[in-house]
Amino acid sequence: MPTYLEGWDAETDVRIERRIQCDLGALRAATGLFDPTPLVVSVSWINQQSYMTGCLYREPLSTDQLVRVTLPSAKLGGSIQVITSISVGTTDQTRPLGTARWAGSVLARDEHTLVLEGGGPMFPIAAVDFASTKYSPAASFVLQIPGDLALPVLGSVLLLVNTRDKELSAALAAAKPDPRDTVLLSELETSIGAQLIAEAVARRGELESEDWPEQSAGKLLAGYLSLADEHRVGEAVATGDPAAINSAYIGAARASGFGRKII
């Protein structure tokens with residue numbers, strides 16, 4: 001599977017497959033498990049922009065099996081992490097100390113990131129004439145993030161696109177974006193990523209004070225806070241230099257798979 005999937009159509013599911021070959025006896029021996037401890041292979045995914053996730057495949061592990069899965073287009077965009085894992089299928093507390101006793105204990109794990117270079121939005125979109133809103137009619141878009149972070153992402157995070165920006169509106173509507181559309185969409189994606197990272201950093205205290213529900217706006221921003229820390233955004237924030245801070249937000253967004261990657 002490539003790292004970058006260029007020209008991806010946002011309405012097209014992504015179908016992937018892999019072959020897994022395993023010496024079951026050797027795996028059990030290496031992990032201290034007795035035969036016939038059931039082993040399971042599973043494939044899951046996580047959208048590294050919206051932090052939506054799901055399980056695509058879960059079957060008993062065999063010596064040779066072909067795994068085929070479909071990533072749903074409606075939930076894709078930006079970069080997707082595909083995770084294949086082999087885990088223990090049952091709980092048995094009589095197993096020796098130092099071995100996997102609990103169902104779901106992971107014995108092996110493989111991760112692959114797929115960056116979708118297409119025009120798919122990361123959040124629901126509403127087209128609005130900004131002249132009739134509180135937003136500047138010269139602005140191209142606004143990403144609305146709720147004050148209540150316990151709300152679900154799909155019902156509370158909304159990308160408003162100004163219908164006065166004809167070029168951006170056309171690019172978002174294009175089934176097959178041309179080179180100019182691609183540039184516009186790339187810059188939009190970078191801006192959204194940078195805004196989400198900035199929002200997460202600004203709300204660090206709130207985000208770190210709770211364990212947010214899955215698929216919530218809090219869980220979404222907590223993921224972006226992790227990206228900010230991974231790319232050391234806090235060092236720029238600590239300088240108080242607006243240019244350095246803005247640069248750090250954009251750099252962290254691009255390094256995380258938003259928009260064009262220049263290094």
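Cα centroids of the range 207-235 and the range 122-192: 22 Å apart.
Projected label points at residue 129 and residue 208, each 7 Å from Cα along the beta carbon direction, are separated by 4.7 nanometres.
Its Cα gyration tensor gives the chain an equivalent ellipsoid. The semi-axes, each the square root of 5 times an eigenvalue, are 39, 22, 16 Å from largest down. Placing dummy labels 7 Å off each Cα toward the beta-carbon, the span from residue 241 to residue 102 is 4.6 nm. Here is the list for the range 140-201: trypsin sites (Lys or Arg not before Pro) lying in DSSP coil, each with at most 15 other C-beta atoms within 10 angstrom of its C-beta, are 164. With each label modelled as a point 7 angstrom along the Cα→C-beta vector, the residue 150-residue 70 pair spans 3.7 nm.
So how much slack lies between residue 143 and residue 166, counting 0.36 nm per residue of separation and subtracting their Cα-Cα distance, in nm?
Extra length from residue 143 to residue 166 when fully extended: 6.5 nm.
Given Cα pairs under 8 Å that are at least 6 residues apart, what percent is the relative contact order of the chain? Over the chain, the number comes to 18 percent. Here the gap between residue 178 and residue 261, fully extended at 0.36 nm per residue and compared with their Cα-Cα distance, gives a gain of 28.0 nm.
Pick from 195, 215, 65 the residue whose mean-square fluctuation is largest in a GNM of the chain, springs joining Cα atoms under 10 Å. Between 195, 215, 65, it is 65 that shows the largest mean-square fluctuation.
Measuring how big the range 158-247 is from its alpha-carbon positions, Rg and Dmax come out at 16.0, 44 Å.
Between their Cα atoms, which of 219/261; 166/219; 75/261 are more than 27 Å away from each other?
166/219
Helical runs assigned H by DSSP (4 residues or longer) give the chain a calculated mean residue ellipticity at 222 nm of -9500 deg cm²/dmol, each run adding -39500 (n - 2.57) before division by the residue total. For the range 20-108, the solvent-accessible area works out to 47 Å² per residue, with a probe of 1.4 Å and every protein chain left in place. Dipole magnitude for the chain: computed about the Cα centre from +1 point charges on Lys and Arg Cβ and -1 point charges on Asp and Glu Cβ, it is near 220 debye. Averaged per residue, the range 188-263 has 49 square angstrom of accessible surface, using a 1.4 angstrom probe with ligands and nucleic acids left out.
Helices assigned as whole DSSP H runs in the chain whose Cα atoms extend at least 24 Å along their own long axis and whose mean Kyte-Doolittle hydropathy is 1.0 or higher are not found. Carbon-plus-sulfur accessible fraction, the chain (probe radius 1.4 Å, protein heavy atoms only): 53%.
The values are calculated or read from the model by the stated rules, or taken from the named source; none is laboratory data. Only a predicted model underlies this, so the values are computations on that prediction, with no experimental measurement involved. Quick reminder, even Gly has a Cβ in these numbers, built from the backbone with ideal geometry, and neighbours come from all protein chains shown. In case anyone asks, the SASA skips ligands and DNA or RNA and just uses the protein heavy atoms, side chains included. Shrake-Rupley method; radii C 1.70, N 1.55, O 1.52, S 1.80 Å.
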